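Comments concern the structure below.
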Amino acid sequence: MNADYVNAAEAAQRRSEPDQVPSRESEPRLKTAAEITRMRVAARRLASVLQTLARTVRPGLTTAELAVAAYASLTDADLHPVQRGYRGFPADVAISVNEIAAHGVPGRRILQTGDVVTVDLAVDYCGWKADAAWTYSVGDGTPAGLRLLRAAYEATRAGIAAARAGARLGDIGVAVECAAQERGCRVVSSLCGHGIGRYLHEPPRVMQVSSPFNEKRIVPGMVLSIEPVVVLDMADVSVVRSADTHGLQTSDGRPCAQFEHTVAVFADHSEVLTVPVPVPRRRR
């Protein structure tokens, strides 16, 4: 779940929300190895849910029906979704189709062959948060849609590779942007990643385009959400509020794709925590 859409009018609301780190806190909350072990459980279970949803996405399904399937899978994995009520979001799952860049509200929209649909899940497990998203092609993907998915996937991979102890946070944005542009696509610059731990959104802010102001060093103990939103073609892109007032959509209607991972930084390596593994199912 993207940390923010840069908009000063929302700052006052964010300061009052219970699951938001106080605005005065700008330094990252570093995690111990034991704390990352707890986060790993939440993240792996979450990744497994996103993996299973690939079998659910199909033409004719409404986004509300997809959200119900996602919620059931989260419950089975003993994960508690945390998006409902966060900054006023009215659902447990964010589902964004085509031109919706982020925070899409599930509803009556019917998935069509060739659509690209992003499912964004944020969860709590035993007090620790995990955040991940995946974009699926509905039915037989179009050449343009499949190119978009590949560009978004490789952009996220590049950002993860740059998230190493001793590097700078700005290196992540440079890597993400370069990978997208190499494939003829562009990153939505107003959406960014974030730290994560006890809270869904913690410092630092992780810009996903090159920025001269992101010189803070990446250090062991950081756990970061890397989540670029990528659009087709190289033209400038901006996002606006969608009709439901929660989602963000491209102003020109270009489709979007996003792959999000939760990444832990250690002294000698970084680890993608959101790797799917079999998880025990909750007894009904």
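Only the coordinates and a few stated rules stand behind these numbers; no lab work does. Remember, predicted model here, so these are calculated numbers, not experimental data. Note: ideal-geometry Cβ built from the backbone for every residue, glycine included; neighbour counts use all protein chains shown.
The modelled label-to-label distance for the pair A235/V275, using points 7 Å beyond Cα in the direction of Cβ, is 4.1 nm. The GluC sites (Glu not before Pro) of the range 20-85 that DSSP puts in a loop, and whose beta carbon has at most 16 other beta carbons within 10 Å, are E25. Here is how the number arises for the chain: DSSP H runs of 4 or more residues each give -39500 (n - 2.57), the sum is divided by the residue count, and the result at 222 nm is -8500 deg cm²/dmol.
Extension gain for T37 to D140 (0.36 nm times residue separation, less C-alpha to C-alpha distance): 33.2 nm.
Multiplying the residue separation of D244 and R198 by 0.36 nm and removing their Cα-Cα distance gives an extension gain of 13.6 nm. Taking 0.36 nm per residue of sequence separation and removing the Cα-Cα distance, the R84/E65 pair yields an extension gain of 5.2 nm.
Taking amide H as placed 1.01 Å from N in the peptide plane, H194 has its amide H under 5 Å from the amide H of V206, S225, each at least 5 places away in sequence or on another chain. Net charge dipole, the range 150-213: roughly 80 debye, given to the nearest 20, about the Cα centre with Cβ charges of +1 for Lys and Arg and -1 for Asp and Glu.
Of the residues V219, C126, Y199, the one whose Cα sits farthest toward the positive end of the charge dipole of the chain, with +1 on the Cβ of Lys and Arg and -1 on the Cβ of Asp and Glu, is C126.
Using only side-chain charges placed at the Cβ, +1 for Lys and Arg and -1 for Asp and Glu, the dipole size of the range 224-284 relative to its Cα centre rounds to 680 debye. If you put +1 on each Lys and Arg Cβ and -1 on each Asp and Glu Cβ, how big is the dipole of the chain around its Cα centre, in Debye rounded to 20? Computed about the Cα centre, the dipole is about 700 debye. For a test of the definition: using alpha carbon positions, the gyration tensor, and the 1.5 limit on a/c, classify the range 91-247 as rounded, prolate or oblate. Taking the square roots of the gyration eigenvalues as a ≥ b ≥ c, the range 91-247 is oblate. Summary of packing: across the peptides 199-208, 237-246, the per-residue average of other C-beta atoms within 10 Å ranks them, highest first, as 199-208, 237-246.
Go ahead and collect, in residue order, the members of the range 173-205 whose backbone nitrogen is under 18 Å from a label point 7 Å along the Cα-Cβ direction of S251. 186-192, by backbone N distance to the label point.
The order of the peptides 257-265, 26-34, 89-97 by mean Cβ neighbours within 10 Å, most packed first, is 257-265, 89-97, 26-34.
The relative contact order of the chain, computed from alpha carbon pairs under 8 Å that lie at least 6 residues apart in sequence, is 25 percent.
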